Amino acid sequence: MTLAHDVTGDGPALVLLHSGVCDRRMWDPQWPVLAGAGYRVVRCDFRGFGASPLTGGPHNDPEDVLALMDTLGIARAALLGSSYGGHVALEIAARHPERVAALALLCAGQPGYEPSAELRAFGEREDALLAAGDVAGAVELNVATWLGPEANEPARTALRTMQRRAFDVQLAAPDGAGRREVPVDLAAVAAPCLAVSGGQDLADFRAIAAGLPQVLRGADVRHVELPWAGHFPGMERPAETAELVAGFLNEAYPATG
């Protein structure tokens with residue numbers, strides 16, 4: 001299947017990969033800014049999110065993204081990934097380094113990372129709420145956990161809407177549908193990388209970002225921690241986050257270069 005997606009702008013390709021709580025609508029604030037900076041910007045919904053159905057059988061999100069790039073005639077792109085989207089971006093860059101020109105990772109997940117007791121406890125609480133049929137409660141758990149103190153009410157409403165959509169799609173999926181994980185060697189990543197963490201985020205994601213300079217041994221990695229940010233800096237301070245990403249891309253993957 002082809003992932004639901006949008007394309008805008010002209011110039012070098014930039015693919016935006018959403019978190020596991022949101023869908024491609026999370027990029028609404030950055031979407032016009034990055035296109036205006038001179039990039040051909042693509043944003044997509046992974047299977048089970050937004051407008052992409054969760055079809056039967058296992059699937060691999062990085063392979064779906066690469067297939068979309070092929071459909072759009074994109075041989076090489078920069079990847080901007082948030083949380084789980086950062087996990088996907090890292091897997092693509094490790095398995096197919098020739099396809100990735102630069103990586104901008106916002107509070108990213110990491111393939112093979114062992115979650116802390118705190119993060120496992122969140123997952124167990126979410127699972128218990130869903131098993132009890134309390135989808136609204138699971139949505140509110142995610143809103144409370146992932147958005148930092150800078151998030152305004154429109155941001156909370158947007159996250160609430162996207163997470164509810166994801167639960168509705170995923171809970172209605174046929175048996176056997178789900179992700180297929182592929183082991184990767186992150187030392188194979190060669191693209192320059194901006195690793196952003198949030199000072200108000202869960203410790204797991206702060207540790208992942210801080211550790212990426214050692215994990216991505218073949219890449220030039222710059223780690224920046226935003227003291228004010230929770231897990232979604234792009235939703236909490238949209239303009240500031242867009243400026244940070246655009247500045248990095250202008251150096252690592254210039255639109256006019």
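Any chance you could list P(r) for the range 1-137, counting all Cα-Cα pairs in 5 angstrom bins from zero, rounded to whole %?
2, 10, 18, 22, 20, 13, 7, 5, 2, 0
Using a 10 Å cut-off around each Cβ, can you sort R206, R180, R237 from fewest to most neighbouring Cβ atoms?
Least crowded to most crowded, the residues run R180, R206, R237.
Taking the Cβ of each residue in L14, L226, L34 as the centre, tally the other Cβ atoms inside 10 Å and list the residues starting with the fewest.
Details: L14 29, L226 22, L34 26.
Arranged by neighbour count, lowest to highest, L14, L226, L34 become L226, L34, L14.
By the scheme Lys and Arg +1, Asp and Glu -1, what is the net charge of all other residues having a beta-carbon under 15 Å from that of G123? Let's see the in-between values first.
Working: positive: R120, R125, R179; negative: E114, E118, E124, E126, D127, D204.
Local charge sum for G123: -3.
What's the extension gain from T71 to T8 if we count 0.36 nm per residue and subtract their Cα-Cα distance?
21.1 nm
Give a quick list of chymotrypsin sites (Phe, Trp or Tyr not before Pro) in the range 159-253 that DSSP marks as loop, anything other than H, G, I, E or B, with at most 10 other Cβ atoms within 10 Å.
Answer in residue order: no site qualifies.
E150's amide H: which non-local residues (gap 5+, or another chain) put their own amide H closer than 5 Å, with H modeled 1.01 Å from N in plane and none for Pro or chain starts?
Those qualifying (amide H under 5 Å, at least 5 residues apart or on another chain) are G230.
Of the residues V215, V41, V15, which exhibits the maximal mean-square fluctuation in a Gaussian network model of the chain defined by a 10 Å Cα contact cut-off?
Taking springs between Cα atoms under 10 Å, the residue moving most is V215.
Among I208, I74, what is the fewest-to-most ranking by other Cβ atoms within 10 Å?
Listed from fewest to most nearby Cβ atoms, that is I74, I208.
Give the separation of the Cα centroids, the range 195-257 to the range 110-173, in Å.
Comparing the Cα centres of the range 195-257 and the range 110-173, I get a distance of 22 Å.
Each reported figure results from applying straightforward, stated rules to the coordinates on display, with no laboratory input. All values derive from a computational prediction rather than experimental measurement. Virtual Cβ from ideal backbone geometry, glycine too; neighbours counted across all protein chains shown.
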